[in-house]
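Since every read-out is calculated from the coordinates, none of them should be taken as a lab result. All figures in this text were calculated on a predicted structure; none of them were measured in a lab. All Cβ positions, glycine included, derive from the backbone under ideal geometry; neighbour counts span all protein chains shown.
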């Protein structure tokens, strides 16, 4: 039988046994995967130190004066590129290039049938159609996609009579203009110029003003802006007097004078206009002052009415007063002569002696 002494036998765990009589230290029975890390044992119970971030490391390097130039190089290159792009945009080179590309594209689309061939206008009564077409600034055959509707709208609204407008592109080949016109309200005279204005006092046109002679006539700076209020007041309170007014004269942009059809000026106050109008109508109904030879009626003072006669009426009145004074003086002289009659004096004296 063989002797088993001196042989190594394998254990069930896969480790080799130490031969009998060997003086070597027996191997650990712990599997290799479960062996403890000496370094981990030494650091057990201590918090690991987190490494510094890139930003903190860069700041630390700057503080110590030892830092790399790479970030500054990258920033310099980025700044140069940004300045270059800014110069292209500010100088208009990018915009010009874009416009050139868009222009060529619009020409190609126009050749494909997208060109302006027709223009229609709606809502026009007084506005000149030729001025509207000129305001569009287009010609037949122009690329329809190259037509700026907003710029065209602003130009159309500067045409006489146009209050607002809408310009629409109708594909493939038409432009439509929808116009809202101003309504004539009065004729405004300032200096030597005449204009037809709307209810807001905005001038409509300076041409063919005589065709609107039936409108109220406003005179003076600021009159067109304030005319709507005085006309509305008179139409509501004194319509009969309104029909006799030939012109509304704005004085100092503070108050109104009414020039009547017979040439009489009615001077209204700054405040209390409605009461003044009522007073002057009552005076005319009672004394027929508008039918007399008067030049003006001053209602600016609330407690009195001042009437100014025409020069002819004033001369006649002066002559009449002089005649009355002369007649009264003659009667007084006759009375005085009768008092100093000698006969009467004697009889009176005699009677007195008795």
Put in order of increasing Cβ neighbours within 10 Å, starting from the fewest, 211, 296, 164, 115 give 211, 164, 296, 115
Neighbour-count order for 275, 267, fewest beta carbons within 10 angstrom listed first:
275, 267
Extended-chain gain in nm, criterion 0.36 nm per residue less alpha-carbon gap, residue 236 and residue 287
16.0 nm
Highest first, please rank the peptides 198-207, 225-234 by the mean number of other Cβ atoms sitting within 10 Å of their residues.
225-234, 198-207
Order of 151, 178 under a 10 Å beta carbon neighbour criterion, fewest first:
151, 178
Quick calc, residue 170 & residue 57: beta-carbon distance into FRET formula, R0 41 Å, rounding 0.05, result 0.05
Once both label points are put 7 Å beyond Cα along the C-beta direction, the residue 265-residue 315 separation in nm becomes 2.1 nm
Taking the Cα-to-Cβ direction at residue 122 and at residue 211 and moving 7 Å from each Cα, how far apart do the two end points lie in nm?
2.5 nm
